[in-house]
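S.K.: So that we are looking at the same thing, I have put the structure below in structure tokens.
Here, each number is a calculation from the coordinates, and none is a lab measurement. Quick caveat, the model's predicted, so the values are computed rather than measured. For neighbour counting, all protein chains shown are included, and Cβ atoms are generated from backbone atoms with ideal geometry for every residue, glycine included.
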Amino acid sequence: MNTNQGRVAGKKILITGAARGMGRSHAVRLAEEGADLLLIDICDSPAGLEYPLSTEDDLNQTAQLVAAQGCSVVTKVVDVRDADAMKTAVDAGAAELGGLNASVANAGVLTVGTWDTTTAEQWRLVVDTNLIGVWNTCVAAIPHLLEAGGGSLVNISSAAGLKGTPMHTPYTAAKHGVVGMSNALANELAAQNIRVNTVHPTGVATGMAPPSMHQLIAEQRPDLGLIFMNALPVLMTEAVDISNAVLFLVSDEARHVTGLQMKVDAGVTIR
Ligand SMILES: NC(=O)c1ccc[n+]([C@@H]2O[C@H](COP(=O)([O-])OP(=O)(O)OC[C@H]3O[C@@H](n4cnc5c(N)ncnc54)[C@H](O)[C@@H]3O)[C@@H](O)[C@H]2O)c1
């Protein structure tokens, strides 16, 4: 039994893309504050990406890190693009944990290209994962939040979900879509005490690092480099900074916060 008295003590929280990167950081931060966790990841690399995604070892390592905090943890290997598999996994995971109070739709992928090199396959992969995958996550979680009398949906967008970030247009479009979807859900679910918010990170050093991105800016479009520059004097932010925003939004400290686009972006969107 978890005796942690932290800021989300006793809350049962679903996190997608939890095997590594920011998903792992969210899991550890929420576990430190007393949450029990349902961790989902694809643990496989779909075709069409320039960089590998996570492995089952990564997911197990996240589970070990959070279990060390004394929380209950359930892991499931699921592709967020598969709505039926998400529903089955979240239903089973919630049953194992004894319910669900919140979800963090964090899984995402990034492809790179200028307008004339971006392919239909890239559009489908990115929109399927970063937009429809977030929808699938919300829809799988909502019945359990309703059963709990309310809850919190946190959808991870990006600074690219608020500005016209170039050279990965499907990503920028999908991340803007997450905002519209989240605001619509926030309206639809407010009466049932379910809050829906988005988080907008600037660059964070994770495995999401397609090599051609920097090459493209440096070699072909240095004129666009300024769009990626933070206002604060930091090149990137750290995963835990984003996790602290997620922690606030799932906690009761944010009980009257819904429809918020929470920027943790070192000021990149004011440029
Ligand atoms: N790293 C950044 O600079 C940055 C900036 C802004 C927003 N984000 C967003 O933050 C989130 C986390 O990204 P990260 O930087 O930790 O990247 P990451 O690649 O390190 O982690 C993403 C995780 O999602 C998983 N995943 C990918 N597709 C999946 C699918 N179909 N089903 C289930 N799991 C899947 C991967 O296996 C991986 O474990 C993403 O939504 C990303 O778009 C990242």
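S.K.: What number, in percent, do you get for the relative contact order of the stretch 185-243 if the mean sequence gap of Cα pairs under 8 Å and at least 6 apart is divided by its residue count? Mind dumping the intermediate values first?
M.R.: Values: 28 pairs, mean separation 22.8, N = 59.
In percent, rounded to a whole number, it is 39.
S.K.: Can you give me the relative contact order of the stretch 97-144 as a percent, contacts being Cα pairs under 8 Å and 6 or more apart? Could you put the intermediate results ahead of the total?
M.R.: Numbers: 26 pairs, mean separation 27.2, N = 48.
It rounds to 57 percent for the stretch 97-144.
S.K.: Something else about it: Once you put a point 7 Å from the Cα of residue 232 and another 7 Å from the Cα of residue 96, both along the Cβ direction, what distance in nm separates them?
M.R.: Placing both labels 7 Å beyond Cα along the Cβ direction yields 3.6 nm.
S.K.: Before rounding to the nearest 500, sum -39500 (n - 2.57) across all DSSP H runs of length at least 4 in the chain and divide by the residue total; then give [θ] at 222 nm in deg cm²/dmol. Mind showing how you got there, number by number?
M.R.: Working: 8 runs with 99 residues, N = 271.
Calculated at 222 nm, the ellipticity per residue is -11500 deg cm²/dmol.
S.K.: Further question: Quote to one decimal, in nm, the extra length available between residue 45 and residue 255 on full extension: 0.36 nm per residue of separation minus the C-alpha distance between them. Could the numbers behind the result be given before it?
M.R.: On the way: separation 210, 0.36 × 210 = 75.60 nm, distance 3.70 nm.
Roughly 71.9 nm would be gained on extension.
S.K.: Using alpha carbons only, how many degrees (0 to 90, rounded to 10) separate the axis of helix 83-97 from the longest principal axis of the chain?
M.R.: 40 degrees
S.K.: Further, regarding this structure: Given 10 °C and 1.306 mPa s, compute D for the chain with the Stokes-Einstein relation, Rh being the Kirkwood radius over Cα pairs; round to the nearest whole µm²/s. Don't skip to the answer; put the middle values down first.
M.R.: On the way: Rh = 18.5 Å.
Translational diffusion coefficient: 86 µm²/s.
S.K.: Let me ask another. What are the ³J(HN,Hα) values, in whole Hz, obtained from phi via the Karplus relation 6.51 cos²θ - 1.76 cosθ + 1.60 with θ = phi - 60°, for each residue of the stretch 44-51 in sequence order, with x given for Gly and Pro?
M.R.: Listing the rounded values in order: 6, 10, x, 4, x, 9, 7, 9 Hz.
S.K.: If you don't mind, there's one more thing I want to ask. Taking 0.36 nm per intervening residue step and subtracting the Cα-Cα distance, what contour gain separates residue 114 from residue 224 on full extension?
M.R.: Details: separation 110, 0.36 × 110 = 39.60 nm, distance 1.18 nm.
Extra length from residue 114 to residue 224 when fully extended: 38.4 nm.
S.K.: Still on this model: Please express the Cα-Cα pair-distance distribution P(r) of the stretch 121-225 as a list of whole percents, one per 10 Å bin, running from 0 to the bin with the greatest distance.
M.R.: Per 10 Å bin, starting at 0, the Cα pair percentages come out as 14, 40, 28, 13, 5, 0.
S.K.: Please list 3J(HN,Hα) in residue order for the stretch 261-271, calculated via the Karplus relation 6.51 cos²θ - 1.76 cosθ + 1.60 where θ = phi - 60°; whole Hz, with x for glycine and proline.
M.R.: My calculation for the stretch 261-271 gives 9, 8, 8, 10, 10, 6, x, 5, 7, 8, 8 Hz in order.
S.K.: Tell me which aspartates and glutamates have Cα within less than 15 Å of residue 11's Cα, excluding those fewer than 8 residues away on the same chain?
M.R.: Excluding near neighbours in sequence, the set is 32, 33, 36, 96, 147, 252, 253.
S.K.: Under a point spin-label approximation (7 Å from Cα along Cα-to-Cβ), what is the residue 214-residue 5 distance to one decimal in nm?
M.R.: Going by the 7 Å Cα→Cβ label model, 4.7 nm.
S.K.: Also, quick follow-up: Expressed as a fraction of 2.2 N^0.38 Å, the rule-of-thumb size for a compact globular protein of N residues, what is the C-alpha radius of gyration of the stretch 1-103? Please report the intermediate quantities before stating the final value.
M.R.: On the way: Rg = 13.3 Å, N = 103, 2.2 N^0.38 = 12.8 Å.
Rg over 2.2 N^0.38 Å, computed on Cα atoms: 1.04.
S.K.: So which GluC sites (Glu not before Pro) in the stretch 30-86 pass both tests, a DSSP loop state and at most 15 other Cβ atoms within 10 Å of the Cβ? Mind showing how you got there, number by number?
M.R.: Numbers: sites: 32, 33, 50, 56; in loops: 33, 50.
Taking the stretch 30-86 and a limit of 15 other Cβ atoms within 10 Å, the loop GluC sites (Glu not before Pro) found are 50.
S.K.: Go through the stretch 230-245 residue by residue and turn each phi into a ³J(HN,Hα) via Karplus (6.51, -1.76, 1.60, θ = phi - 60°); whole Hz please, and just put x for glycine and proline.
M.R.: For the stretch 230-245, the Karplus-derived couplings read 6, 6, 5, x, 9, 5, 9, 10, 10, 3, 5, 5, 6, 4, 5, 5 Hz, x marking Gly and Pro.
S.K.: Under the 0.36 nm per residue contour assumption, what length would be gained going from the current alpha-carbon distance of residue 173 and residue 192 to full extension? Can you show the working numbers first?
M.R.: Working: separation 19, 0.36 × 19 = 6.84 nm, distance 2.93 nm.
Fully extending the segment from residue 173 to residue 192 adds 3.9 nm.
S.K.: Hey, another quick one. If the cut-off is 22 Å between C-alpha atoms, which lysines fall inside it for residue 175, apart from same-chain ones fewer than 8 positions away?
M.R.: 163, 263
S.K.: List the residues, sorted by chain then number, that are 5 or more residues from residue 194 or on another chain and whose placed amide H is less than 5 Å from its amide H.
M.R.: Placed amide hydrogens put 151 under 5 Å from residue 194.
S.K.: Quick one: compute the contact order of the stretch 15-105, relative version, from alpha carbon pairs under 8 angstrom and 6+ residues apart, as a percent.
M.R.: On the way: 143 pairs, mean separation 29.1, N = 91.
Relative contact order comes out at 32 percent.
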